[in-house]
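Step one of this worksheet: look at the structure below.
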Amino acid sequence: LSRQSFPRLTKRKFQLYMLDHGFLDDVENTIDSIEDPIQKRRMQIEYSSSDDFERLSPAVSYMAYLLGWSDAQIDQMWEQALTL
């Protein structure tokens, strides 16, 4: 699958994958630690109010950057999470 054709990932699958692999607290703590108040609130809304996530969305890219995850790592995570 090319990155552009990845299906949306439901919030449930995303959170279960993150929990199962020990990343859920990292994601939530990273959002809480964003210093810019507008960006922090934006990410809180993206995370808490979205029903699903798009692989190439700015929010996913920004979180990957903050967490130090490469595109290849995100792609692998995405593919595995889709199977849940």
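Report yes if Q44 is more than 11 Å from the chain's Cα centre (by Cα) and open to solvent by less than 60 Å² (accessible area, probe 1.4 Å), otherwise no. Yes; evaluated as a whole, the condition is true for this residue. Residue by residue through segment 64-84, note down the ones that are more than 22 Å from L1 (Cα to Cα) and either at pLDDT below 95 or open to solvent by less than 50 Å² (accessible area, probe 1.4 Å) (or both). Result: L67, single match.
Being of a type in the set (G, A, S) and touching a residue at least 24 places away in the same chain (Cβ under 8 Å) is a property that A81 has. The residue that is surrounded by the most Cβ atoms within 10 Å (Cβ to Cβ), among those in segment 1-19 that are of a type outside the set (K, R) and part of a helix (DSSP H, G or I), is F14. Of the residues making up segment 20-40, those that are open to solvent by 80 Å² or more (accessible area, probe 1.4 Å) and hydroxyl-bearing (S, T, Y) number 0. Counting only helices (runs of 4 or more DSSP H) wholly contained in segment 25-84, the ones carrying 1 or more residues that are charged (D, E, K, R) occupy 37-49, 71-82. Of all residues in segment 47-63, those satisfying the criterion of being polar (S, T, N, Q) and surrounded by 12 or more Cβ atoms within 10 Å (Cβ to Cβ) are S50, S57, S61.
The values are calculated or read from the model by the stated rules, or taken from the named source; none is laboratory data. Here the structure is a predicted model, which is why all the values come from computation and not from measurement. With ideal geometry, Cβ positions are generated from the backbone for all residues, glycine too; neighbour counts draw on all protein chains shown. Ligands, DNA and RNA are excluded from the accessible area calculation, which covers all protein heavy atoms including side chains. Shrake-Rupley method; radii C 1.70, N 1.55, O 1.52, S 1.80 Å.
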